[in-house]
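Here's the structure, in structure tokens; my notes come after.
The values are calculated or read from the model by the stated rules, or taken from the named source; none is laboratory data. Fair warning: this is a prediction, and the values are worked out from it, not measured in the lab. Backbone-built Cβ (ideal geometry, glycine too); neighbour counts: all protein chains shown. The accessibility values were calculated without ligands, DNA or RNA, using every heavy atom of the protein model including side chains. Shrake-Rupley method; radii C 1.70, N 1.55, O 1.52, S 1.80 Å.
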Amino acid sequence: MFNRLGNVIIKHHKMIIIFWAIALLVSIPAMAMVNDVVVYQETELVDGEYESIKAQKIIDESFPRTDANGTLMIVVRTDNISSPYTRDFLLSLESRLTTSQDLEYLTGVTTPYSVQRMVLLAAIPQVGTGLWAAENEINGTLLVMYGVPAMFLEEWSSAVAGGATPSEADVQAYSMTYLALNQMMLGQDPQMKGMALAYYAQLANEWNLTASNISLVSDPQARAVHCINVAVSETVVTLGLPEQKAALLGSLLVAFNFSNFNNQTAVHNFTVSTFAMMSRINDLQFLEEVYRLGPEYSGPEVLGLANTIISTGTFETYPVPVPSDVFAGMVSPDGETSLVILTFSIDEEYTLDDGTKPLMESVATIRGIVKDVKATSSADIRTYVTGSAAISADMEKAAAGDLSLIEPITIGIVIVLMGVLFRSVLAQFVPLGAAGIAIGISQALVFVIGSTVANIHYSVLTLLFTVLMGVGVDYSIFIMTRYREERVKGHDRPTAVHTAVTWAGESIVTSGTTVIIAFFAMTISSFSMMKTMGMILGMAIVVALLIALTLIPSLLMLIGNRVFWPTTGKRWKKFVENFNAKKAAGNRGYFHNAAHFAVDHAKVILVVAALVTVPAAYIYTTAETSFDFIGGMPAVESTDGLKAMSQDFGEGLIMPTQVVIDDITLFNNDGTIDLASWNSLNNMSIAIAANSEVQMVSGPTSPNGQPVNDYLSYNSMTDEERSAFQKSVSEFIGTDGSTVLLEVVLKDQPMSKASVDFITELRGQVSEIKQAEVALASTEIYVGGSTAMMGDLSENMNKEFNNMELIVVVGIFLVLMLVLGSLLLPLFAIISILMSIMWSFALTVLVFGELSAVPILWMVPMILFIMLMGIGMDYNVFILTRIREEAQKGKDNRTAIVDAVEWTGGIITALAIIMGGAFGSMMLSSMAMMQEFGFALFCAIIFDAMIVRTYIVPAAMTVMGKWAWYAPGRLRRVGRQDVKEKVNE
């Protein structure tokens, strides 16, 4: 096949060059739009029938968010959020944000002080209306309590003065007062009228009963006061008045008399003080200011008073405080951190026709406003703008910064190393240009995949660049060096190109196939980041391989030795003479000596390799990895803000675990609660809270994280009390009335291994509770939330990773078996790469996990295995295929090994340094995961090229001897007479 391909290239090399030029031009429009499909956060973790997904779907349906599509947060840190300086800063910041013309899609700004304003705006009309109503009620009560007796006493005294006997005066006064009282009660509600008439009846009765009391008869006013006291007491008992009403009547008896009951100043002062006591609003000045706004309360006046109170007070002095649970969600327990929440009518993915994303653009505007306000503030304040859009904006900037640093350094490394390798100032630009074409076409594929399959995580672009700069350049260089080798041997241009395509082409196709198998194995993942990564990198390797196999030899056919300028003409002849002279003189160099050492000490080398691998394998299989994506992000403002929130509000509180109970009967048809269901919910909350890993459980029976038994008296509550209760638990009951949400706050960091491991235990506990509680038997219960989702992802990925491993190992084994014509060599090649993987990962754990205290993300060892099993196989394939080539020429095993290592040693080492440098440049990234990838890949490639390929492969080949090439029948390619004859031809 490669023989025929070589012939085609020699004959049609110009057409091939034109084809790749057209392919690049066609790709340019898609390349320009690649950023449209790139995301900077991984939000799609798992999909399918996982428990956390089921829980999230129910939450989305039954607990719809009331906030806008997009949300940003400003984390404000200072010594005291309640200080006047911080208050003024937050008020000024709120004003600047809400009035900014640059925040077109902003729908709301929420600060602790805006929440306080909302509380006051609701309280002022309510308090004012209550004050005026209370004053009217007190006036009416006093009019009955003292005004009616005063009328009676006046009529009685007038009758006696007119000559009536006391008994006649009693009748006359009673009748006239009764008529006046009825007239007074016109338009009053029946309850008030009934109480007044009952009171008057008791008053008249007591007046009659005291007719024989000489001391009282002699003092009619004292007699009236006595009757008032008795009548009030009897009315309370007779009508069964509430305790609060009875207490009010008692207070009125103490505070008022005939001389001041109609004194409006006294009545007002009494009303205000009584209202303050009953409402627990101790700020009498506030009550007076509210009263003066009435009796009708207009919006602007209420807002003005609320703003005045807020701007001149603090949270400690505000007359009506923010509810404690709401305040706790805005201000940290130590009072040093506050949240400012900005809501928008669009989400971060909303894109305008010009390609801009307004919400992400708003991040810079908001930060500018924050900076301006801080500049005018006297407070020592630290701020962080964070949230999904802010993280995406920061990640986009960080990614661009990473690439702007990685790209020139990688290209510089490649140019310098290839210049040294080829002793040329032009040759390096051929493989570099080929890699550039591969990157361009692959970026077009990124756009296609991102538009049709899933959005592409930004880290994939960094990996794409480094992989193609490493692997793509390596493949091109391998063709070029084999071409140069043949020219050194004296062959003409077409023959050198043909030989390079025939032999080096087979090597790079074999190597490329193993890499492609490895990357495409990742596409079976349900994790979109890994799926698209495998798909894109696999296709990119196909493109790079085709370019190296067709475009590079076509360019060599067109340019010839001029590609090695200035080593051309006489310089080229001198270079060839010097090379051959050194070889003839026996000056074989390092790799010849290394190969001899390896075959002479084969068993010792293999034993040493095994001893080193044992502890590395232990680290590889037991190292504790992290599930914390945020912790691995760069230290930018948005991630610093998230970390500040976690530290100050509690890490578990930011991302609680959620237990969803679906299809539960909470309320009966008659409006009463199903007590059995509520008791079961209470029992579940208490049981979950009892776990040592749990800090708090919030739900319908524990709204603030502490068990509350109010539900037990629900069925006997008034309608008003029921309404208040329902409001207090509404956030935990779904809109369908049959779904309940329990929020479980874990003590440990939500993405810690302990927290993720606890999810399995929690699910088991919930299942046991369901079986034990009859009221929960017909329900569906799911444990969800970020921690549970990460646990499901980990479990899912572990299962999928086993399948990926199987695909990669079996696929690579089959490819190598067919190419090498051996059963043992493919197995050895896989084992040797596993050694490199284990060594590099162990070193990565030591450097990052132990020395730098940077957590190793759980997916790093998985992706490293897949990538290195493919990419790391390159140099094994190069050396093994060259050994096979030498052996097929009739050389004995030892000679074939030494010659293959000698001929390929320098080039493979150079290729390894180039590829290692390309991958190592990822260590310059600001993202921990990319740094770990870069370090591990660099180490693995260097280990593989300098140790495995130089020493372990020759040693193993020596120990295996003739069995290295064993394969049944025609599968065998070394040792068969027909093969030797074909090669010799």
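Using the 1.4 Å probe convention, the accessible area of the range 656-784 works out to 46 Å² per residue with neighbouring protein chains retained. Each of GLN706, SER716, PHE758 was scored by the projection of its Cα onto the charge dipole of the range 656-784, and the greatest displacement toward the positive side belongs to PHE758; charges sit on the C-beta of Lys, Arg, Asp and Glu.
Packing here is the average count of other Cβ atoms within 10 Å per residue, and on that basis the peptides 211-220, 868-877, 689-698, highest first, run 868-877, 689-698, 211-220. Think of the range 118-312 as having a plus end and a minus end, set by charges on the Cβ of Lys, Arg, Asp and Glu; of MET278, ALA255, MET184, MET278 sits farthest toward the positive end of this dipole. Our estimate of slack between ALA211 and ALA581, defined as 0.36 nm per intervening residue step minus the Cα-Cα distance, is 118.4 nm. With a cut-off of 14 Å, note down the residues of the range 293-337 whose backbone N falls inside the zone around a label point 7 Å from the Cα of ARG280 toward its beta carbon. Answer for the range 293-337: 319-325. Partners of LYS727 within straight-line reach, counting lysines whose Cα lies under 26 Å from its Cα and excluding those fewer than 8 residues away in the same chain: LYS57. Exceedance of the 27 Å cut-off in Cα-Cα distance is absent from the set LYS643/LYS747; LYS397/LYS643; LYS371/LYS397; LYS371/LYS643; LYS397/LYS531.
Sorting the segments 260-267, 732-739, 552-559 by their mean number of nearby beta carbons within 10 angstrom, highest to lowest, gives 552-559, 732-739, 260-267. Based on every Cα atom in the range 118-312, Rg and the maximum pairwise Cα distance Dmax equal 20.2, 69 Å. Contact order for the range 656-784, expressed relative to its length and based on alpha carbon pairs under 8 Å spaced 6+ residues apart, stands at 41 percent. Would you tally the net charge around ARG949, using a Cβ to Cβ cut-off of less than 14 Å, leaving ARG949 out, and scoring K and R as +1, D and E as -1? In short, -3.
Taking every DSSP helix (H) stretch of at least 4 residues in the chain, weighting each as -39,500 (n - 2.57) and dividing the sum by the residue count yields a mean residue ellipticity at 222 nm of -21500 deg cm²/dmol. Taking amide hydrogens as placed 1.01 Å from N in the peptide plane, the amide H of VAL854 sits under 5 Å from those of GLY849, each at least 5 positions away in sequence or on another chain. Our estimate of slack between LEU971 and ASN715, defined as 0.36 nm per intervening residue step minus the Cα-Cα distance, is 83.8 nm.
All other residues whose Cβ lies under 14 angstrom from that of SER451 are scored, Lys and Arg at +1 and Asp and Glu at -1, for a net of -2. Taken along its three principal axes, the alpha carbon spread of the range 656-784 comes to 48, 27, 23 Å, from the longest extent down to the shortest. For the peptides 706-715, 183-192, residues were scored by their other Cβ atoms within 10 Å and the scores averaged per peptide; the highest-first order is 706-715, 183-192. Placing unit charges on the Cβ atoms of the charged side chains and taking the dipole of the chain about its Cα centre, the candidate lying farthest along the positive direction among VAL599, LEU851, TRP678 is VAL599.
Out of every Cα-Cα pair in the range 101-143, what percent are more than 17 Å apart? Percent of Cα pairs beyond 17 Å in the range 101-143: 58. Taking label positions 7 Å along the Cα-Cβ direction at both LEU239 and LEU179, the computed distance is 2.5 nm, reported to one decimal. The modelled label-to-label distance between ALA266 and GLU104, using points 7 Å beyond Cα along the C-beta direction, is 6.7 nm. Pull out the extension gain between LEU24 and SER218, defined as 0.36 nm times the separation in residues minus the alpha carbon to alpha carbon distance; nm, one decimal. Contour length minus Cα-Cα distance gives 57.9 nm.
Using a Cα-Cα cut-off of under 23 Å, which lysines could be cross-linked to LYS245, ignoring same-chain neighbours fewer than 8 residues away? Counting by Cα, and skipping residues close in sequence, LYS245 has these lysines nearby: LYS193. The P(r) of the range 785-842 has a tail past 17 Å containing 56 percent of all C-alpha pairs. Of the solvent-accessible surface of the chain, computed with a 1.4 Å probe over protein heavy atoms with every protein chain present, carbon and sulfur atoms account for 58 percent.
As a length-normalised measure over Cα pairs under 8 Å and 6 or more apart, the relative contact order of the chain settles at 18 percent. Rg of the Cα atoms in the chain, relative to 2.2 N^0.38 Å, amounts to 1.42.
Under a 5 Å amide H cut-off, with hydrogens placed 1.01 Å from N, THR386 pairs with MET73, ILE74, VAL75 among residues at least 5 apart or on other chains.
Where does the charge balance sit around ALA398 when Lys and Arg score +1, Asp and Glu -1, over other residues with C-beta under 14 Å from its C-beta? Summing Lys/Arg as +1 and Asp/Glu as -1 gives -4. Rounded to the nearest whole Hz, the Karplus-based 3J(HN,Hα) values (6.51 cos²θ - 1.76 cosθ + 1.60, θ = phi - 60°) of the range 836-848 follow the sequence 4, 4, 5, 4, 5, 5, 4, 5, 5, 4, 5, 6, 8, with x at glycine and proline. Based on the Kirkwood approach, the hydrodynamic radius assigned to the range 2-138 is 23.2 Å, with every pair of different Cα atoms included. Each of VAL604 and VAL488 was given a label point 7 Å from its Cα along the Cα-to-Cβ line. The distance between the two points is 3.0 nm. Relative to the Cα centre, the charge distribution of the chain, modelled as +1 at Lys and Arg Cβ and -1 at Asp and Glu Cβ, gives a dipole magnitude of about 8160 debye. THR665 label point, 7 Å along Cα→Cβ, cut-off 20 Å on backbone N: hits in the range 734-759? Taking a point 7 Å out along Cα→Cβ of THR665, the residues of the range 734-759 whose backbone N falls under 20 Å are 734-741. Can you list the aspartates and glutamates whose alpha carbon sits under 20 Å from that of LYS489, skipping same-chain ones fewer than 8 residues off? Excluding near neighbours in sequence, the set is GLU577, GLU885, GLU886, ASP899, GLU902, GLU985. With R₀ set to 56 Å, the beta-carbon distance separating LYS14 from ASN35 gives a calculated FRET efficiency near 0.95. For the range 427-477, the alpha carbon convex hull comes to 59 Å³ per residue, rounded to a whole number.
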